[in-house]
1. Taking a probe of 1.4 Å, how large is the accessible area per residue of the range 315-444, in Å²?
2. For a quick check: with amide H placed at 1.01 Å from N, whose amide H comes under 5 Å from Ser294's, ignoring anything fewer than 5 positions away on the same chain?
3. Using a Förster distance of 41 angstrom, determine the FRET efficiency expected from the C-beta separation of Gln444 and Lys93, and round it to 0.05.
4. Kindly identify the range 321-365 as rounded, prolate or oblate by the Cα gyration tensor criterion: order the square roots of the eigenvalues as a ≥ b ≥ c, call it rounded if a/c is under 1.5, otherwise compare a/b with b/c, prolate if a/b is larger, else oblate.
5. Give the peptides 342-352, 247-257, 382-392 in descending order of average Cβ contacts within 10 Å, highest first.
6. Past 30 Å, Cα to Cα: identify those pairs from Lys338/Lys441; Lys169/Lys258; Lys259/Lys400; Lys107/Lys190, in the order given.
Amino acid sequence: NPIFSFKKIYMTIIKFIKYEHKIFLKKTVTLIKIFLCSPFYIIAPVILIMVYLISPWFLVRFQPLQSGRIGHFALNTELYCCERDMSINLPNKPYLDLFYFHDICNKQLAKMWKRELKVFPRWLLHPIFKTNSFFLKFFSILVRREFLESMSNCVDFPALKQGAIRDVKDLLKKSKPHINFSSEEEIIGKEQLKKFGLSQDSKFICLHVRDEAYLNNYLGKDWSYHDYRNVEIDDFILASEEITKRGYFVFRMGKKVKKSIKTSNPMIIDYANSGMRSDFMDIYLGANCTFLLSTSSGFNSISTIFRRPIATITVPLSILETFVDNSLSITKHHYSKKKKRNLTLSEISFSDIAGLRRTEEYEKRGIELIDNTPEEIRDLALEMIDRLEGNWKFDETDNKLQEKFWSIYLSSDYNKFFNDRQLHGKIRGKFGAKYLRNNPKWLQ
């Protein structure tokens, strides 16, 4: 069928232009880098043999940091530093850990980690790491396996694993941030705040609302399976306006966003579209805000590693950031098309719905995630402000609602959705009190 063939060719071209060309260019760059690094692949086996020989007495480990996604780059690395300083998951012999970056999502964060860790060029360490992985796969019988495993697949680097982004041991509470701004950087940061109209005494919060723009533009493939996490920025305008009435500036964050925030309020700064956005200010703002109002994205980890409070809309429900001090959470409404009503907390928590991670998984189960109303988001933000300022009025009803929520939530089977990985240590966060008050049937 000529028409069908033409349509298929047309759709293939459109797909290539929209997504595949970025992957093609990325793979081309990768091949060039491999060619340039090829001499080091030749000497890597020699280096590895030397490292193997001294391993009974001194362990040398090579590890790439997850520098391509800001959430893992920030929190996983911080948890590794916490474990290192507290002698958790360390080798039982003298050792040296050497790191390198892959794609760098934030240059300022990379600069700061270089001050804390032994970071070497990728062209030097990557050939050694890959050669070691090859040896482990094909020639592990020739070398002591415990040593090979310690150098690959993060066996001795549990905090650096892709999924291990939970502080289940209360390490953040027990330690101070491992990266800080230099005196020169502090001066630069304060000067930038002045340019945005803030004085030395001004208070501000960061607002990060997740959409698909960043992933589609920077990581070059179809990320629609993450769409269930997206939220409209317009729904946060009411909250932002109310926050400014409490005396706080609002910085709308984002390296790449789908649309601007529509407001004439001078205290609401569309930093993402200001022309003054930078990798440095991304980290500086996230590290110094009074709190972060977000939709559970990777940027949360910036505020988390600097021990800043977070108020967030979390989906899936099973990954509430309970380990963050002073965190406050709500979730989207889970509407069942079959039952023609919103699901209760028990129905969500005691089913696989609590841990679904892809848009199509919700669709298959007939679950529609309904965005929170602007009023619910406003209530979340103002409750956080009142709690931080010591003005939140507790009553017996709120305490009972919190107890009931956590009783259901923590007694559910949420762990099985993450391969029985522990998700929580001590519960340090709260669930939105106004949300629980206004949705009494949710706890039935």
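The values are calculated or read from the model by the stated rules, or taken from the named source; none is laboratory data. What you see is a predicted model; the values in this text were computed from it and never measured. Quick reminder, even Gly has a Cβ in these numbers, built from the backbone with ideal geometry, and neighbours come from all protein chains shown. When the accessible area is computed, the model is the full protein with side chains, heavy atoms only, and any ligands, DNA or RNA have been set aside. Shrake-Rupley method; radii C 1.70, N 1.55, O 1.52, S 1.80 Å.
1. 49 Å²
2. His208, Ala311, Thr312, Ile313
3. 0.15
4. prolate
5. In descending order of packing, they fall as 247-257, 342-352, 382-392.
6. Distance filter (> 30 Å) returns Lys169/Lys258; Lys259/Lys400.
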